[in-house]
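In what follows, a structure is listed as structure tokens, so that the remarks can point back to it.
The values are calculated or read from the model by the stated rules, or taken from the named source; none is laboratory data. What you see is a predicted model, and the numbers here were worked out from it, not measured in a lab. Here the Cβ is made from the backbone with ideal geometry for all residues, glycine too, and neighbour counts use every protein chain on show. For accessibility, only protein heavy atoms count, side chains too; no ligands or nucleic acids. Shrake-Rupley method; radii C 1.70, N 1.55, O 1.52, S 1.80 Å.
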Amino acid sequence: MKNLKFLTLFLSIVFFWACNPKSEGTDAEVSEAKEVEDVASAKEFSLNTASSTVSWIGSKPTGKHNGTIPVTEGKVSVEGDKIVGGSIIMNVNDIQNDDLAENADMQAKLVGHLKSADFFDAENHPTAEFVITSVNPYNPAEAAKAKEEFDSEYKPASADEHIVASPTHKVTGNLTMRGTTLSISFPANVQMEENKITAKAKFNIDRTLWGLKYNDEAGVVDKAKDKFIYNTVNVGFNIVAEQPAM
């Protein structure tokens, strides 16, 4: 009964991991990894890695950092006018920071820390991957309930604020980071042309669900001391996939 009440209260914000513990730290729908269907017969569009980006914003009560993770390869699989699969591979070992561009020493220190075992553990997990399992028309009624954050000047943008303009589809796929694979669902604006697909998305995830637990909120007894990093990370996808013209 307790689990049923929780699901009703938080609607689609669900996390099943191990013995199904729950977390409020995500605005994308999160659940156990889903089965990936065989779409070998589908038409493939290759990702344009120069035009595709994955962005991140990390927040703490005293400031924010933002940057990107390079997209190294990927594809989108299409049958008829429907996206049925695809994948995006990101080079975590080359994670980038943007806001400290004018302070090379601080920038290098931050990037090194992000790649360390405190966060992505890039030495052992140099890549991250997102594998599409379904793409369906967007239903505004399924919008995620925004997490209530500890109030500070630099708290993360909520799901109501950090959302792509004019979402057309709900994208679901398995996100693997740091050796952990979970399914996430989020709204996206997807545009399909004869030889080109563009997809833009903005959503929030709880970094700790993938094992990035450095200075997480759960271990903070007195948040007034501001000695923590918000679990919520603002993520953005801007994906371009193309097929050579016949």
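Computed with the Debye formula from one identical point scatterer per Cα of region 106-246, without solvent, the log10 of I(q)/I(0) at q = 0.19, 0.20, 0.22 Å⁻¹ comes to -1.26, -1.32, -1.41. Label positions at N93 and M106, each projected 7 Å from the Cα along the C-beta direction, are separated by 2.9 nm. Using the rule -39500 (n - 2.57) for each DSSP H run of four or more residues, divided by the residues of the chain, the 222 nm mean residue ellipticity is -2500 deg cm²/dmol. In terms of packing, defined here as the mean over residues of other Cβ atoms within 10 angstrom, the peptides 40-52, 59-71 line up highest first as 59-71, 40-52. Just grab the label-to-label distance for A40 and K227, each label 7 Å out from Cα along the Cβ direction, in nm (one decimal). Computed distance between label sites A40 and K227 equals 5.6 nm. Protection proxy ranking for 143-152, 166-175, using the average of other Cβ atoms within 10 Å per residue and placing the highest first: 166-175, 143-152.
The 3J(HN,Hα) values that the Karplus relation (6.51, -1.76, 1.60; θ = phi - 60°) gives for region 73-78 are, in residue order, 6, x, 7, 10, 9, 10 Hz. Gly and Pro appear as x. What would the Debye equation give as log₁₀ I(q)/I(0) for the chain at q = 0.11, 0.15 Å⁻¹, counting only Cα atoms as equal point scatterers? Log-scaled intensity ratios, in q order: -0.59, -1.10. Overall, the chain carries a charge dipole of about 500 debye about its Cα centre when +1 sits on the Cβ of Lys and Arg and -1 on the Cβ of Asp and Glu, all other atoms neutral.
Applied to region 190-206, the Karplus parametrisation 6.51 cos²θ - 1.76 cosθ + 1.60 on θ = phi - 60° returns per-residue 3J(HN,Hα) values of 10, 10, 10, 10, 4, 10, 8, 10, 10, 9, 10, 8, 9, 7, 10, 10, 8 Hz, with x for Gly and Pro. Placing pseudo-labels 7 Å out from each Cα toward the beta carbon at D216 and D118 gives an inter-label distance of 1.6 nm. Give the shape of region 100-178 as rounded, prolate or oblate, defined through the alpha-carbon gyration tensor: a ≥ b ≥ c are the square roots of its eigenvalues, a/c under 1.5 means rounded, and otherwise the shape is prolate if a/b is larger than b/c and oblate if not. Oblate, since a/c reaches 1.5 and b/c is not below a/b. Just the protein heavy atoms count here, and of the accessible area of the chain at 1.4 Å, carbon and sulfur take up 50 percent. Partners of K170 within straight-line reach, counting aspartates and glutamates whose Cα lies under 16 Å from its Cα and excluding those fewer than 8 residues away in the same chain: D27, E29, D81, E142, D160. The length gained by stretching the chain between K196 and A141 to full extension, at 0.36 nm per residue less their Cα-Cα distance, is 16.9 nm.
For the listed residue pairs K147/K227; K34/K82; K34/K227; K82/K147; K82/K115; K115/K196, the alpha carbons are over 27 angstrom apart in K34/K227; K82/K147; K82/K115; K115/K196.
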